[in-house]
1. Can you give me the C-alpha center-to-center distance between the stretch 210-232 and the stretch 63-100, rounded to a whole angstrom?
2. If each DSSP helix of 4+ residues adds -39,500 (n - 2.57) and the sum is divided by the residues in the chain, what number results at 222 nm, nearest 500 deg cm²/dmol?
3. I want to check the label-to-label distance for THR149 and ALA280. Put each point 7 Å from Cα in the C-beta direction and report it in nm to one decimal.
4. From the protein chains alone at 1.4 Å, what is the descending order of accessible area for TRP112, TRP171, TRP254, largest first?
5. Do the alpha carbons of any pairs in LYS321/LYS350; LYS76/LYS111; LYS76/LYS252; LYS111/LYS250; LYS118/LYS250 sit beyond 18 Å of each other, and which pairs?
6. Please compute the per residue accessible area over the chain with all protein chains in place, 1.4 Å probe, rounded to a whole number of Å².
7. For the chain, give the magnitude of the charge dipole about the Cα centre (Cβ charges: +1 Lys/Arg, -1 Asp/Glu; no others), in debye to the nearest 20.
8. If HIS199, HIS125 are ordered by their accessible area, calculated over protein heavy atoms with a 1.4 Å probe, which sequence runs from highest to lowest?
Amino acid sequence: MVRRNLLLAALVMSVGAGVCWFAPARAGVVNPDISVLGQPIAHWTNDKLDPEHGRIRFDPGETEMVFDAYLNPYAKGFFTLSLSADGLELEEGYFSLLRGLPWGLNLKGGKWRAGFGKLNPLHPHAYPFAERFRVLATYLPGEEALNETGVELSERIPMPGELALTAYADWLQGDTFRRAREASAAPDDPLATDAQADHASESRPAALGRLSMFAPLGDRSGLELGVSGTHGTNNVAAGTRTTVWGSDVKAKLWNSPNSYLLLQGEALLMHRQDAGWAEAVGYTSTSVDPFGFYAFADYNFKIRYDVGASYERYQQPTQDKTWDQAFGAFAGLALMEETTVFRLSWEHFKPGAGDVAGGGTANPDAIDTIWLRVIYSMGPHKAHQF
């Protein structure tokens with residue numbers, strides 16, 4: 001009996017060893033980190049163009065589902081799904097190769113909020129205020145953010161002392177740069193007979209680059225400076241393009257173990273060619289070169305509370321370059337920790353006086369808007385209060 005058991009054990013061990021020898025190597029199988037973030041919001045405005053102006057509007061907001069995990073010791077995967085009234089959408093889905101490449105390079109591939117400046121890569125639930133700044137919404141391609149599909153290479157460049165310099169280079173699909181051209185009155189305009197004559201649904205590859213430097217200030221505080229640039233084709237048939245340059249600064253200044261002041265700002269310069277059509281000439285283009293900036297201060301005290309203020313001023317991308325500006329104030333409260341955060345925001349937006357001859361308003365009314373957001377999260381990805 002003992003001999004038979006020994007023979008059986010030896011057979012099992014031999015078969016197991018053979019399976020391990022011939023089976024292909026596989027990465028470890030682990031469950032990803034899963035989080036759900038809710039963002040219900042109450043909204044009030046006196047904007048007369050809003051059909052619900054003067055009344056409080058409640059909205060369930062956008063629900064985000066976040067999945068991420070290490071695929072193996074070298075790579076990590078990340079997905080963000082967005083659930084709203086428009087349905088379920090893949091907001092981000094990419095892999096990051098964190099090590100193993102020559103010269104210390106990192107590789108990212110998929111779809112993500114592009115790293116232009118400091119605010120565009122963040123999800124709205126991470127803002128201390130309600131909406132991204134109007135200058136970003138006006139100058140950067142994309143409806144809600146510069147969110148593109150592509151590949152990115154990045155590397156940390158050696159610097160003296162405690163300075164950290166990082167360079168990023170992105171090759172993007174370019175879909176967000178597309179701009180549909182309005183049909184002209186010319187009889188030979190191809191849009192008069194074919195709505196797709198401009199190839200408005202087509203895109204050309206775009207590029208994005210960023211260089212950022214971080215310098216520590218004391219034991220906990222820090223300063224980051226950055227420059228960004230992106231370039232892409234906005235009309236394939238006309239060959240017109242959009243270029244945006246930006247510079248940014250962010251300082252996080254701790255004044256006690258439980259409080260700090262966050263200062264952040266960006267300046268943007270856009271050069272955009274707008275496609276047109278002239279009879280007997282064909283495609284034409286006009287250029288606009290607006291400039292704008294934003295800045296805000298956010299003081300976080302006693303860990304659970306924060307208050308802040310913001311200001312932005314920018315030119316509209318039109319020939320008369322009308323200046324718009326907005327003031328804002330905001331405050332936040334985390335109940336016990338960052339899984340439940342209340343944020344109150346106010347904005348006073350003053351549109352610039354437009355060209356009356358061109359259909360603009362000589363003295364447009366200012367618009368006040370108030371938002372109350374509740375950001376709650378389940379899982380390891382919190383509301384990023386601090």
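1. If we compute the Cα centre of each part, the gap is 25 Å.
2. Numbers: 2 runs with 27 residues, N = 386.
Using -39500 (n - 2.57) per qualifying helix, the result is -2000 deg cm²/dmol.
3. Between THR149 and ALA280, the label points sit 4.5 nm apart.
4. TRP171, TRP254, TRP112
5. Working: LYS321/LYS350 15 Å; LYS76/LYS111 14 Å; LYS76/LYS252 28 Å; LYS111/LYS250 26 Å; LYS118/LYS250 8 Å.
The pairs that break the limit, which is 18 Å between Cα atoms, are LYS76/LYS252; LYS111/LYS250.
6. Values: 21190 Å² over 386 residues.
Computed with neighbouring chains in place, this is 55 Å² per residue.
7. Details: 33 positive and 45 negative charges, 386 e Å.
Once rounded to the nearest 20, the dipole reads 1860 debye.
8. Details: HIS199 75, HIS125 10 Å².
From most exposed to least exposed: HIS199, HIS125.
The values are calculated or read from the model by the stated rules, or taken from the named source; none is laboratory data. In this text, all values refer to a predicted model and were calculated from it rather than measured experimentally. Backbone-built Cβ (ideal geometry, glycine too); neighbour counts: all protein chains shown. Note: accessible area is taken over every heavy atom of the protein model, side chains too, but ligands, DNA and RNA are not part of it. Shrake-Rupley method; radii C 1.70, N 1.55, O 1.52, S 1.80 Å.
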